[in-house]
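**Q** After the structure tokens below, expect a handful of questions from me.
The values are calculated or read from the model by the stated rules, or taken from the named source; none is laboratory data. All figures in this text were calculated on a predicted structure; none of them were measured in a lab. Don't worry about glycine lacking a Cβ; one is built from the backbone with ideal geometry, like all the others, and counts go over all protein chains shown. Keep in mind that these areas ignore ligands, DNA and RNA; they rest on the heavy atoms of the full protein, side chains included. Shrake-Rupley method; radii C 1.70, N 1.55, O 1.52, S 1.80 Å.
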Amino acid sequence: MRASAPDAVVVGAGPNGLAAAITLARAGRSVTVVEAAPTLGGGLRTDALTLPGFRHDLCATIVPLAAASPFFRTIDLAARGADLLQPEAPVAHLLDGGRAAVAERSLAATAAGLGPDPAAGRSWRRLFGSLVRDANKLGPELLGPVVHVPRHPLALARFGLPALLPATRLAGSRLHGDEAQALFAGLAAHSMIDLGRPLSASFGLVLGLYAHAVGWPTVRGGTAAIGEALAAELRALGGEIETGHLVTRLDELPPSRVVLLDVTPRAALALAGDRLPAGTRRAYERFRYGSGVFKLDWALDGPIPWTADGAHRAGTVHLGGTLDEVAAGEHEVARGGHPERPFVILVQYAAWDPSRAPAGKTTAWAYCHVPGGSTVDMTERIEAQVERFAPGFRDLVLARSVHPPAAMEAHDPNYIGGDINAGIQDIRQLVFRPRVGLDPYWTGAPGLYLCSSSTPPGGGAHGMSGYHAARSVLRRELR
Ligand SMILES: Cc1cc2nc3c(=O)[nH]c(=O)nc-3n(C[C@H](O)[C@H](O)[C@H](O)COP(=O)(O)OP(=O)(O)OC[C@H]3O[C@@H](n4cnc5c(N)ncnc54)[C@H](O)[C@@H]3O)c2cc1C
């Protein structure tokens, strides 16, 4: 440990905790990070979950948000050992009858593949064309607090007006044909909210935009390499990391001028409730957690036998059928139910990353949404969805690892009830996350900040919550 007290201590070594620490260290401040788990990375962890020779990502695996993140762009990830690998196509959405709607890197190629009616492709180009052109302007606008003074108001307005809509409404009114509508529904369903709710369209727009603008890469060997890269960057700047220390009280920490918490508001209350102003305490008590995930990882005896050609080329495969089917399933989850045919997000990284599985074998990562804290076993329903679009899949399963919501939370306390975004991302909690105020990162108590994905811009491996929290610290206390 360092001889003198650090300027700042960060609790939690997820991407946001590490991004906060790096941002402070770059400004010349001394930083120590304290992490509960024996390994760092939070949602960036990779392990042999099934059989020897198979390497699985426990949490995050597709990292378009890292590729688009202004913070990550300041780090030479490849030089620090984290290579982003692009599959041939970012994402395919499967429909019955062997059909696939594929979001390709190229907008034109995507449009050309959206079914026989040219109106479908034209509608996709109309929706995404200007967003893709504005991608670089939109990056910093989208990956920060919703309430801010825009640097590119026109670009933001072109995004913001359709983004306000429910995904079902946007897809139904602006996109033509089953393929385009279903593709958009699958992208929007990453929101983990009812697709009939306002602002659910924003997730479809952001993820579609990134599919075209930066791709949906994975990380060679697993996303843990990004955590290691961030840690190496921090150590090179003089920062220190202590693992295996679950912080239960702030007075366990080394004395410092500032503490940043890469934890949920609920955990912040437990750690520092007595230091928080009454208004913050009330807001943190009212902060809501959303749906959870039920996750499976498989060791497979060979490639998944997709019926649709497009699915073989895509890194991520969405299994859920039409817009109506996806929307009905997500609606059921939002109301506390478990759909018979859940919307499944599947990633087949080993198809282009041989370090993930022994020769001739492969692996896949998948989850569906379930109500927060659900104890229902979704294994059979998820595998039935894969089998629906890839008959013969079940015969390939050599081993599976099952992570229901409780296991997700046991692995990382930020995923309350399996909520991988550390707080529901509906309209209220997107705009005011985690509370109403001009600086969402400051708790209102001197020297105490929140920097997890419970703050803007929310869930995802982008580090931008940590970056913005550290900027707030530098403006307010460590000038
Ligand atoms: C199953 C799953 C799939 C996902 N898929 C993707 C994906 O494909 N792409 C993507 O971009 N994102 C994905 N995510 C989301 C992404 O992983 C998170 O949004 C991101 O990791 C959040 O970063 P964070 O730093 O805020 O928190 P976390 O990464 O959760 O890190 C928080 C850290 O704080 C530590 N901690 C918490 N409390 C304490 C304490 N009291 N004392 C000490 N340490 C503590 C935790 O152990 C953890 O290491 C996924 C998440 C899950 C669970």
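**Q** Would you please give the residues with an amide H less than 5 Å from that of residue 33, counting only those at least 5 places away or on a separate chain, with H modeled from the backbone geometry?
**A** Correct list: 10, 240, 241, 242.
**Q** To continue, here is another question. According to a simple spin-label model (label point 7 Å from Cα along Cα-to-Cβ), what is the distance in nm between residue 235 and residue 27?
**A** Result for the modelled spin labels: 2.5 nm.
**Q** While we're looking at this one, here's another question. Calculate, for the stretch 329-397, the solvent-accessible area per residue in square angstrom, rolling a 1.4 angstrom probe over the heavy atoms of the protein chains.
**A** 38
**Q** A further question follows. Could you report the accessible area of residue 202 in Å², rounded to 10, computed with a 1.4 Å probe on the protein chains as they sit in the structure?
**A** 10
**Q** Quick one: divide the alpha-carbon radius of gyration of the chain by 2.2 N^0.38 Å and tell me what you get.
**A** Here the Cα radius of gyration is 0.93 times the empirical estimate.
**Q** Tell me, what % of the accessible area of the chain is carbon and sulfur with a 1.4 angstrom probe?
**A** So the carbon and sulfur contribution to the accessible surface is 54 percent.
**Q** Please give the charge dipole size of the stretch 362-479, origin at the Cα centre, charges +1 on K and R Cβ atoms and -1 on D and E Cβ atoms. Round to the nearest 20 debye.
**A** Here the stretch 362-479 has a charge dipole of around 620 debye.
**Q** For residue 379, put the label point 7 Å out on the Cα→Cβ axis and report which residues of the stretch 41-77 keep their amide N under 11 Å from it.
**A** Under cut-off, by backbone N: nothing.
**Q** Also: Given axes a ≥ b ≥ c from the Cα gyration tensor, I'd like to know whether the stretch 219-317 is rounded (a/c under 1.5), prolate (a/b larger than b/c) or oblate.
**A** It is oblate, given that a/c is not under 1.5 and a/b is not larger than b/c.
**Q** Then there is this: Leaving out ligands and nucleic acids, note down the accessible area per residue over the stretch 76-198 with a 1.4 angstrom probe, in whole Å².
**A** Roughly 44 Å² per residue, with all protein chains present.
**Q** Moving on. Can you work out ³J(HN,Hα) from phi for every residue in the stretch 143-160, in order, using Karplus 6.51 cos²θ - 1.76 cosθ + 1.60 and θ = phi - 60°, giving whole Hz and x for Gly and Pro?
**A** 9, x, x, 5, 7, 7, 7, x, 8, 10, x, 5, 4, 5, 5, 4, 7, x
**Q** Heavy atoms of the protein only, probe of 1.4 Å, neighbouring chains included. What is the accessible area of residue 192 in Å², nearest 10?
**A** Ignoring ligands and nucleic acids, residue 192 comes out at about 10 Å².
**Q** Note down the magnitude of the dipole of the stretch 169-264 about its Cα centre, charges +1 on Lys and Arg C-beta and -1 on Asp and Glu C-beta and zero elsewhere, to the nearest 20 debye.
**A** 360
**Q** In addition: Dividing the convex hull volume of the alpha carbon atoms of the stretch 341-479 by its residue count, what do you get in Å³ per residue?
**A** 154
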